[in-house]
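The values are calculated or read from the model by the stated rules, or taken from the named source; none is laboratory data. These numbers come from a predicted model, not from an experiment. Neighbour counts are summed over all protein chains in view; Cβ atoms, including those assigned to glycine, are modelled from backbone coordinates with ideal geometry.
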Amino acid sequence: MRTKRTAVLAAVAALALGLTACGGDDAGEDTGNGGGDKSFAAGSTMERLNEAQAIKIGTKFDQPGFGLKGLSGEPEGFDVEVAKIIAKELGIPEDKIEWVEAPSKVREDVIVNETVDLVAATYTINPKRKERIAFAGPYYEAGQNIMVRKDDTSITGPDSFADGTKKVCSVTGSTPAEEIRKYVKDVSSQLVLFDTYDKCRDALNGGQVDAVTTDNVILLGYIAKDEASFKLAGENFTKEPYGIGVKKDDAEFRDFVNDVLEKAFADGSWQKAWDDTAGKFGAELGTAPTVDRY
């Protein structure tokens, strides 16, 4: 009798052990929180970040739909979600991401000075920036546009600044600030620069400037929050490919981020990131851009 009972208990124990080892159906599911079980090349940035189980990411804190500091105290938006996808592929949980504010004028600096590990911040890829840092991507293509007060019919596009009477606001160190210089008659009197677009919006609302110019999706975020006050004036007049900024000489990490982006394009996580954030403001995501592996 004792022998039979012992055999039964042993069989039950063996079954339980087998289930534990297999992990069951639930244990094998991806929780979306990353993990430390990934393997990367020795000495690579990926290995360093994975082993540290921490990453510092630069983004904007003032741009609705892309990087806006929310009620939680953390930034929210499309750039933020794309950065989370990268962190997840590094095996780093979301709660181990340190978000660092990266306004336009300091984005290259925080990469070069290693204040952050990467930047995802409506960061247009251009040759001048490539002199100091490298880009993975693009992961989105925006276009520069102009936001005016709702009742303004005098501004219909960038050519409206040619007569020298209208003031336009943008952000120091941004591609839109450089682009609009081509259209204004007198830069010193017409172009107003701040460190954030929130200040430009406030200046427009208060009548200190006549327009704000930056990428269309950023402006659509502001309009979505106050449709009674603002509108777009005309069509997009540039193409702005957004990339992920990384250290200039870290080709291995850039290739890794490019791989992650292409995977996100294919598996639907890129589309979901858009639908949950900037897509709510009416802008179209379009087809996935072709990653530039320069």
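Structure values in brief
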quantity: Candidates Glu81, Glu131, Glu114 - the one that is closer than 16 Å to Tyr242 by Cβ, modelled with pLDDT of 95 or more and out of contact with any Cys (no Cβ under 9 Å at 6 or more places or on another chain); calculated: Glu81
quantity: Top-ranked residue in the range 59-89 [being assigned to a helix (DSSP H, G or I) and among the hydrophobic types (A, V, I, L, M, F, W, C); ranked as farthest from the chain's Cα centre (by Cα)]; calculated: Ala87
quantity: Among the candidates Asp109, Asp159, residue that is in a helix (DSSP H, G or I), touching a Phe, Trp or Tyr at 6+ places or on another chain (Cβ under 9 Å) and over 25 Å from Gly279 (Cβ atoms); calculated: Asp159
quantity: Hits in the range 164-173 - residues which are at pLDDT 95 or above and either part of a loop (DSSP other than H, G, I, E, B) or hydrophobic (A, V, I, L, M, F, W, C) (or both); calculated: Gly164, Thr165, Lys166, Lys167, Val168, Cys169, Val171, Thr172
quantity: Residue in the range 193-202 that is touching a Pro at 6+ places or on another chain (Cβ under 9 Å) and not assigned by TED's automatic domain parsing to the domain that holds Lys88 present; calculated: yes
quantity: Selection status of Ile92, among the aliphatic types (A, V, I, L, M) and assigned to a loop (DSSP other than H, G, I, E, B); calculated: yes
quantity: Residue tally, condition surrounded by 11 or more Cβ atoms within 10 Å (Cβ to Cβ) and in a loop (DSSP other than H, G, I, E, B), over the range 261-281; calculated: 2
quantity: Residue within the range 103-126 that is surrounded by fewer than 21 Cβ atoms within 10 Å (Cβ to Cβ), under 19 Å from the mean Cα position of the chain (by Cα) and without any contact (Cβ under 8 Å) to a residue 12 or more places away in the chain present; calculated: yes
quantity: Near pairs, Cβ below 8 angstrom, 6+ apart or cross-chain, from the range 51-79 (on the phi < 0 side of the Ramachandran plot and touching a residue at least 24 places away in the same chain (Cβ under 8 Å)) to any residue that is surrounded by 20 or more Cβ atoms within 10 Å (Cβ to Cβ) and among the basic types (Lys, Arg); calculated: Gly58/Arg107; Phe66/Lys60; Gly67/Lys60; Leu68/Lys60; Pro75/Lys60; Asp79/Lys60
quantity: Pairs with Cβ under 6 Å, 6+ apart, first in the range 147-159 and over 11 Å from Val209 (Cβ atoms), second surrounded by 16 or more Cβ atoms within 10 Å (Cβ to Cβ) and at pLDDT below 95; calculated: none
